[in-house]
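The values are calculated or read from the model by the stated rules, or taken from the named source; none is laboratory data. The shown structure was predicted, so the numbers you read here are calculated from the model rather than taken from an experiment. All Cβ positions, glycine included, derive from the backbone under ideal geometry; neighbour counts span all protein chains shown.
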Amino acid sequence: MLKRTIVVLLVLSFIGAGLSLALASGGKGNSRKGKYLYRKNCRVCHVQNGKAKELSPISKTQAQWKTTFAAQDKLPCAAEWAKLKEKDITDIYAYLWGHAKDSPSPAKCK
Amino acid sequence: MAQTSSRGISRRGFLKLAGAAGAAAAVGGGVTGPRPAQAAGGIKPGFTSKYSVCDMCFNKCSLIARVQDGVIQKLDPNPKFLKSRGMLCAKGNAGVEQVYGADRLKYPLLRVGERGEGKFKRISWDQALDLMAANFKKIGEQYTRCGFMFMAGSDMQSTFVHRFAEAYGSYNTLSHESMCLIAGTRAFLDTFGEVPIPDMLYTKYVVMAGANRFESLVTPDSMDLMTAMKNGAKLVVLDPRYTKTAAKADEWFAIKPRTDMAFMLAIAHVLITENLYDKKFVAAKTYGIEQLTKHVKPYTPQWAAEQCDIPAEEIQRIARELAAAAPAAMVYPGRRSSNYTDSTQIRRSYAIVNALLGNWDRPGGLTAARVVGLGGGIPFEAPFYEDNPEDRIDAGKATLMFPEEGSFKLARDAVLEGKPYPVKGFFLYHTNPMQTAANRSKTVAMLNSMEFVVTMDIHMSDTAYMADLVLPSQTYLERQDPCSAQQGSSACACVVMRDPVVAPLYESKPVFWVMQQVAGRLGMGEYFDFTIEQFRDKQLAGLTGGMDALKRDGVYYNPSKLYGVYEGKIYKTKSHKIELFNSRYAEMGLEPMPVYTPPKPGGFARMRMVVGRNAVITQSSSQNNALLAKFQPTNHLWIHPERAQELDIKDGDWVWVKSKAGKQRIKAKVTYETRPDTVYMATGFGVLSPGLANIYGKGACIAQVLTDEFDSITGNMAMHETWVRVGKEAA
């Protein structure tokens, strides 16, 4: 159990380091792949009448997405995040941040 | 039942001919189906009434079809549909002819001659669908899936074309919007955080620049403006042409084209220097008044007068009158804004004046989108194809292009250049860029560069005429469609839907079915594994009683909040305020506030060509309608008498009109209804397709003459940057 926790923490810290770079670069991931990954990994629960609150890029401002991603280890679904590759998280961030409600091109559909 | 048609034959005769599989007749039309009985003495008792939604333009007005013996006899407005204020316009009334017109496409057609030669043969739907699937596979494998481009018009089934494109894996989807309104959308989004809906019914003062709302109808704006004027509202129109809107206005100024920004900056100058702007509103809700104050200082009415050909004292007076009527006053945001290379900044100047008037989210001003509550339908998870290119073919060529809309102009250039990657397939539905996109020669060249072009339409449009495969679409009155949400300020936040009012004619099919069938052949069936009813149920899931209201009234209303929507909320801009100074633009190296550049002189005998609609035609989709063609059988070149005299041109003379894009031959209309430096002609004539028998051989094609500059921020086609020479044709 302890070993697993350490692995998770190591993965999280690794993701955190990568992510801080991604956040600093203002969402330089692949937004189109991010959309795919978001639908595949996140929308499973974050959907109308789903297990978690319904979400779309326009649910938050760019600043709020930045805060959310910076504190991902504190989210109820942190364990799910830990399963994702660093690049995948960067891509999902590019999609959500890039189409946030105060972005130049807010997502059209929820 | 009587069967009458000027060019038609009886139903019995039609059935005989339809069975004969005559390919030559397919392009030329000439064969008609059943006809309304009005010519034989009107509608008999016993007709049934069915709700539908008009498709003669983008407005989607609810209507009632009167049906007898399976034939539509008449279309009436739906009095319960508040967005149109219970109105169905001339085009809407003529919708019957869309169904029964002799030039309907009747079955799938495959090109057998050279592209544009007009030789097609009839094939079966199975053959057509197999061919499509084979080409989607071949082109996807050879050029990546982004090598297939998609373009769909403003249609209630276009969502399925986009769904197919995404599931197939192409980012290259286009719409008509980048030839219409994208610059205005960008400007208001980047000022207010969303695109406003004007509250015309309760306004007291409107400055309308570059819009023609009494001819180019927008519901409810057109009707509400008329009512507001009856109630005492003042309308000031700025337009180089004397449009019907100008004729009905309290004041019309024949503004010099491309100088609207100068007028607006001078209005801002007066509002600020005379302390007439809404200081409380501006202090609480906007960002950048200090920068704007400094910015507009040199833009005096005296300076603007030189630019616009509008006297300084008039500009000053209009500014004062706007302020006196505020917040129930507005600069009308407009719709089509594809005019100039800096159209986004021009429309930003409109938005900024509105912000100074403090009219946002208030009665008689600009209102936010209301809650409708219609869901997005059945969600799907499109696959991701790792071998695809990074982005759209037109990506990065305009500073703030909308990634889901793209730019037809820039995409076309990229296809022609073959860079950054080849695009060799094109699927078009319910849209006709051969007539609506500036520089037709380039559109022809692009289509000629493709390996496989498919067009789906109700008639042989010029774009269909250039295609390899032509698919017959059902008309809107034969189709079952998803629900559609509509915004109408004080009129409504509502939902409409379509069910067939008559059985589909010929072998026509809906595009949903086509996408479903091709997806199935490509192993993508899971993305279309539903019916329209199931899709609508999902859309309506959050609206209690939604379907009952739609069946009972033809429309569902959400009584959502209209004014004060933004109380306690942030604005969806970078600063979270209304941006007089756009901070994102500043970061990106764009002008954070609109900077005026005077139009370049056109030279001797050169005039600017402008585009515009009237109340009986819609771009190019309605000209061939036999009922509407009686009102506008052809087009003319509007030219001012002063210039006509210089060129020895008399009313009705044949003239040539020439730009760097192309040349057309057309009859002149010598009229004071345009400025001496401006010419105009209606869109949608001078067609190449003989399949449009009512207009073939008539008038000239504006798309052949318009040059294809673009708005640098959005990639929106900038059609009014067209300079032309006009000359009398030799006898």
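Values as computed for the structure displayed
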{"read-out": "Selection count where residues are surrounded by 24 or more Cβ atoms within 10 Å (Cβ to Cβ) and within 23 Å of B:GLN632 (Cα to Cα), scope segment B:703-715", "value": "3"}
{"read-out": "Identity of the residue in segment B:359-369, crowded, with 22+ Cβ neighbours inside 10 Å and in a loop (DSSP other than H, G, I, E, B), that ends up farthest from the other protein chains (Cβ to nearest Cβ)", "value": "B:GLY364"}
{"read-out": "Given (1) more than 24 Å from the chain's Cα centre (by Cα); (2) buried (at least 24 other Cβ atoms within 10 Å of the Cβ), number of the condition B:LYS409 does not satisfy", "value": "(1)"}
{"read-out": "Segment B:297-316, residues that are within 33 Å of the chain's Cα centre (by Cα), assigned to a helix (DSSP H, G or I) and among the hydrophobic types (A, V, I, L, M, F, W, C)", "value": "B:ALA304, B:ALA305, B:CYS308, B:ILE315"}
{"read-out": "Subset of segment B:126-152 [among the small types (Gly, Ala, Ser), surrounded by fewer than 22 Cβ atoms within 10 Å (Cβ to Cβ) and either under 20 Å from B:SER473 (Cβ atoms) or touching a Pro at 6+ places or on another chain (Cβ under 8 Å) (or both)]", "value": "B:ALA133"}
{"read-out": "Hits in segment A:76-95 (condition: closer than 30 Å to B:GLY373 by Cα and away from chain B (no Cβ under 14 Å))", "value": "A:PRO76, A:CYS77, A:TYR93"}
{"read-out": "Candidate set from segment B:384-429 (those that are of a type in the set (Val, Ile, Thr) and in contact with a Gly (Cβ under 9 Å, 6 or more places away or on another chain)); member that is nearest to the other protein chains (Cβ to nearest Cβ)", "value": "B:THR399"}
{"read-out": "Subset of segment B:240-260 (residues that are out of contact with any Leu (no Cβ under 6 Å at 6 or more places or on another chain) and over 13 Å from B:ASP309 (Cα atoms))", "value": "B:ARG241, B:TYR242, B:THR243, B:LYS244, B:THR245, B:ALA246, B:ALA247, B:LYS248, B:GLU251"}
{"read-out": "Check on B:GLU417, in contact with a helix residue (DSSP H, G or I) (Cβ under 6 Å, 6 or more places away or on another chain) and without any contact (Cβ under 8 Å) to a residue 12 or more places away in the chain", "value": "no"}
{"read-out": "Number of the exception - A:ASN49 against (1) away from chain B (no Cβ under 11 Å); (2) farther than 25 Å from B:ARG392 by Cα", "value": "(1)"}
{"read-out": "The lone exception for B:VAL518 - which of (1) without any contact (Cβ under 8 Å) to a residue 40 or more places away in the chain; (2) more than 14 Å from chain A (Cβ to nearest Cβ); (3) not in a loop (DSSP other than H, G, I, E, B) it fails", "value": "(1)"}
{"read-out": "Filter pass, B:GLY523 being assigned to a loop (DSSP other than H, G, I, E, B) and within 14 Å of chain A (Cβ to nearest Cβ)", "value": "no"}
{"read-out": "Within segment B:553-672, helices (runs of 4 or more DSSP H) holding 1 or more residues that are more than 14 Å from chain A (Cβ to nearest Cβ) and in contact with a helix residue (DSSP H, G or I) (Cβ under 8 Å, 6 or more places away or on another chain)", "value": "B:626-629"}
{"read-out": "Which numbered condition B:ILE570 fails, given (1) within 29 Å of B:SER484 (Cα to Cα); (2) of a type in the set (Val, Ile, Thr); (3) crowded, with 16+ Cβ neighbours inside 10 Å", "value": "(3)"}
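So that you can scan it fast, the table gives a plain yes or no per residue for (1) among the acidic types (Asp, Glu); (2) buried (at least 23 other Cβ atoms within 10 Å of the Cβ); (3) in contact with a strand residue (DSSP E or B) (Cβ under 9 Å, 6 or more places away or on another chain):
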| residue | (1), (2), (3) |
| --- | --- |
| B:THR243 | no, yes, yes |
| B:TRP252 | no, no, yes |
| B:LEU271 | no, yes, no |
| B:ASN275 | no, no, no |
| B:THR293 | no, no, no |
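Residue by residue, here is whether (1) assigned by TED's automatic domain parsing to the domain that holds B:LEU400; (2) surrounded by fewer than 18 Cβ atoms within 10 Å (Cβ to Cβ); (3) more than 20 Å from the chain's Cα centre (by Cα) holds:
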position	(1), (2), (3)
B:ASP648	no, yes, yes
B:ARG675	no, no, yes
B:TYR680	no, no, no
B:VAL687	no, no, no
B:GLY691	no, no, yes
B:CYS701	no, no, no
B:MET717	no, no, no
